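Please read the structure below before turning to the comments.
The values are calculated or read from the model by the stated rules, or taken from the named source; none is laboratory data. The shown structure was predicted, so the numbers you read here are calculated from the model rather than taken from an experiment. Cβ coordinates were reconstructed from backbone atoms using ideal geometry, including for glycine residues, and neighbour counts include every protein chain displayed.
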Amino acid sequence: MQPFVTFDISKGAVTSRLLKNKFFGILTLGFYRFWGKTHLRRLFWQSIKVGGERLQYHGTAKELFIGFLIAMVLLTVLFGVLGVALGFLALSGPTYDILGQVINFLFLYGFWQFARYRLWRYRSSRTSLRTIRFFLKGKALTYTGKAMLWTVITILTLGWAYPRLLAVRADYMLNNMAYGDQGFRFTGNATGFFRIYWPAILLTQCIVVVLYVYVTLVLGFNLDGMMQTEEAFAQAMLDPVTQTILYSGMAISFFLFLIARVQSFRYIVGQTGLGSAVFASSLHVGRVLLIMVLMTLVGILGIAVIVGLIVAAATLEPQTVVFMSIGAFVLVYLVFDILMYLFLIVPLLRAITSTMTISDPEIFEQVARTSQDSPTYGEGLADALDVGAF
Amino acid sequence: MLKVSARYFDGNSSRARPVTVDVTDIDLIVTDAFGSELARWPLEALRDETHPPREDELNLSISSDHEARIIVEDVAFIRSLVQVCPLIRKRRKGPPGWWKPVVAWTAAVVVSVTLFFVYGLPLLSYQIASLVPYETRAKIGEEVEGAIIQHFKSRPKNKSDEKKDPVCKGKAGQQALEKLLARFTALSDIDMPPVKVTVINSKLPNAFAVPGGRMIIMSSLLDIAEDPNALAGIMAHEFGHVEHKHPMSLFVTNIGITALFSVALGDVSGGTIIAFLGQHAAGAAYSRDYEQDADNRSISLMRELGYDIAPLIPLFEKLGKKSPDMGILSVFASHPDMDERVKALKDVGRTGSGKAFTEREWNAIRVMCKESV
């Protein structure tokens, strides 16, 4: 097994591109985003070398824009009707409110899955390596159906079907993925994901049980009805022990799921092959955690500076306060995205790419072009729903 | 220019062929390892596909529909090639007619959004407003009214006013107002519970309808209305709003507009501003339509009861002077232009000869807010 991906990007180039995107974004009331996104993707794609050659992004802003327009036509009707109908449901009382929220969630979740698959299809077909394109076969609707079904089962089984959901999604997506005339294949299964996720699922459930037992038996609250539960929890949250259980439980659960997430990434990569070659990843949880801790520290520092500026401004004249507040807002708006890219996305991509290995790097030179259908227009639904980081 | 080594991709396979590239006056010549010529690309058609460009790498293409590429990594060669091919880092023009789908789909968006705003949303919001049970509307109305009363409570003119309840309690006046509203209700085709009216002590001359069959009148309006029928006209107008559930429809409409704008302008940059302005402009447009409906209804109610609506004209004129013309900002105005409303009333002429309140009732109404001082 040998490394085959490198990621080398200039932080200056990322920063200046993001600043330009924000600037023109404000000037054009947000419509620059299609152009901005395309420029940013070109930069990121060509910064990744696979087997010594750069990836190339072929998408255009025009495609994204038309995709957005098509999505607008569809969504105007669908979402308008749904939004108003849900507004009505929410007004008609608590029972309908819950029902409305469930419908809303399912509808949005379904759309989100659908958009995600379309987004992957678009991006694959607009990506080339050594002049040969990637593509994604399959039907977005089938994917959505499978994902929705197993999400509902996951909810009904209180999380125990989650590994199966992950397996179903990876299976459909990767087995439909191809590079030129070579197909990717995924040989993983639900059992593999289950081995990774069971501690996280079990411990999270234990924490919920401990919390429930403590609130009902020790504090003596009545958790029968919906309303009582809500009120009792608001009351119980005043108790320091409840707070300790809840917050430490959330921290433990977050940590366990992070470990599982990294392990499942390694598992997916390890179960994926292209032609005669197989992949592997040695991405380490510690490295991901370090990046996240650094990002959190940078974020806290940034917030501290801004709060400091506002506090300092508050001691000045009223006009200065307004001026400084607007300044702080612009600062947050401009800086936060740049920090996210420089301290989270770029380091994560670097960590992921540098730990990726392949059994036979020659495979990339043995691929021929196919004439596969590719989507004409961009990821409209994905844009409207804001799916995907860049 | 020197011959340098490069990698050539023919566009049909992923295999790179080691080649040498050489530049003549008009062409770039690609030669393979055995010395035979593989390709000859005109310099003026060459483009670099690396965006943003790099000094140490060229990714050359020959046309937008040909996938073949030449990768050159020799810095000196790149520098001199960029000089002889000024267009190398320019983008190619799109194919003829590339703009057609953009125009077509933009038109489709404009049409569907317009249809939705003009026909879909008003229809839908009225039906949904009607579906909302009376109890829910009444609850919302109570909360809105409570908030308004609270608002007037929190702004005392001087310290002694601080704890004063802004709601006017004059009993005889209240009864007179309710009696008129009962007459309006009796004329309505819609089966509706009695309309509740609250008079609030305020220097702003205004009146408005609240969800759940409620209406609020500001005391200043009682002071500047010189004729009982002027007040009755205003009440008939607000009754029109209540009768057609306008406040609730507007509430539902705003939910719909917000949903639409938040989809259209997905991300935060700049879009937030246009979303905010758009929502206000769209909301105000619906509101102006409702005002028109309510004006028409007030005229028909007054006519049916045989009260003359003409005394409303001087009151409108007074109110018009108090609110300055908004000019270009009138797209954000929630009410039609006052001059037009006055003109419409003048066109109607006399609608009757009766008075909506007796002398006694009218006096009781005018002192409603003074009794509690």
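Computed values, structure above
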quantity: Single residue of segment A:21-69 satisfying the filter (closer than 20 Å to B:LYS93 by Cβ and of a type in the set (Lys, Arg)) that is farthest from the other protein chains (Cβ to nearest Cβ); calculated: A:LYS62
quantity: Test: residue in segment B:178-186 that is surrounded by fewer than 22 Cβ atoms within 10 Å (Cβ to Cβ), in a helix (DSSP H, G or I) and at pLDDT below 85; calculated: no
quantity: Of all residues making up segment A:256-272, the number that are within 14 Å of A:THR187 (Cα to Cα) and in contact with a Pro (Cβ under 8 Å, 6 or more places away or on another chain); calculated: 0
quantity: Some residue of segment A:13-20 being more than 10 Å from chain B (Cβ to nearest Cβ), surrounded by 19 or more Cβ atoms within 10 Å (Cβ to Cβ) and without any contact (Cβ under 8 Å) to a residue 40 or more places away in the chain; calculated: no
quantity: Any hit, segment B:134-143, residues being surrounded by 14 or more Cβ atoms within 10 Å (Cβ to Cβ), in contact with a Lys or Arg (Cβ under 6 Å, 6 or more places away or on another chain) and of a type outside the set (S, T, N, Q); calculated: yes
quantity: Filter pass, B:THR106 being facing chain A (nearest Cβ under 7 Å) and assigned to a loop (DSSP other than H, G, I, E, B); calculated: no
quantity: Where B:ILE88 falls short, out of the listed (1) surrounded by fewer than 18 Cβ atoms within 10 Å (Cβ to Cβ); (2) part of a loop (DSSP other than H, G, I, E, B); (3) in contact with a Leu (Cβ under 7 Å, 6 or more places away or on another chain); calculated: (1)
quantity: Test for B:SER64: is it surrounded by fewer than 16 Cβ atoms within 10 Å (Cβ to Cβ) and under 49 Å from the mean Cα position of the chain (by Cα); calculated: yes
quantity: Odd one out for B:GLY146 among (1) over 18 Å from A:MET72 (Cβ atoms); (2) more than 9 Å from chain A (Cβ to nearest Cβ); (3) surrounded by fewer than 17 Cβ atoms within 10 Å (Cβ to Cβ); (4) at pLDDT below 80; calculated: (4)
quantity: Residue count, segment B:1-44 (criterion: surrounded by fewer than 17 Cβ atoms within 10 Å (Cβ to Cβ), more than 14 Å from every other protein chain (Cβ to nearest Cβ), of a type outside the set (Asp, Glu) and not in a strand (DSSP E or B)); calculated: 9
quantity: Residue in segment B:50-66 that is under 24 Å from A:TYR57 (Cα atoms), touching a Phe, Trp or Tyr at 6+ places or on another chain (Cβ under 6 Å), at pLDDT 90 or above and not in a helix (DSSP H, G or I) present; calculated: yes
quantity: In segment B:67-95, residue farthest from the chain's Cα centre (by Cα) [restricted to those that are more than 17 Å from B:ALA6 (Cβ to Cβ) and within 14 Å of chain A (Cβ to nearest Cβ)]; calculated: B:ARG89
quantity: Candidates A:THR191, A:THR157, filtered to the one that is away from chain B (no Cβ under 14 Å) and modelled with pLDDT under 95; calculated: A:THR157
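Residue by residue, here is whether (1) touching a strand residue (DSSP E or B) at 6+ places or on another chain (Cβ under 6 Å); (2) in a helix (DSSP H, G or I); (3) modelled with pLDDT of 85 or more; (4) aromatic (Phe, Trp, Tyr) holds:
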{"residue": "B:PHE208", "(1), (2), (3), (4)": "yes, no, no, yes"}
{"residue": "B:ILE217", "(1), (2), (3), (4)": "yes, no, yes, no"}
{"residue": "B:ASN229", "(1), (2), (3), (4)": "yes, yes, yes, no"}
{"residue": "B:HIS237", "(1), (2), (3), (4)": "no, yes, yes, no"}
{"residue": "B:HIS241", "(1), (2), (3), (4)": "yes, yes, yes, no"}
{"residue": "B:LEU250", "(1), (2), (3), (4)": "no, yes, no, no"}
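Conditions tested, residue by residue: (1) free of Cβ contacts under 8 Å to residues at least 60 places away in the same chain; (2) buried (at least 19 other Cβ atoms within 10 Å of the Cβ); (3) in contact with a helix residue (DSSP H, G or I) (Cβ under 9 Å, 6 or more places away or on another chain); (4) at negative phi.
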residue	(1), (2), (3), (4)
B:LEU58	yes, yes, yes, yes
B:ILE70	no, yes, no, yes
B:ARG79	yes, no, no, yes
B:PRO95	yes, no, no, yes
B:TRP99	yes, no, yes, yes
B:LEU124	no, yes, yes, yes
B:SER130	no, no, yes, yes
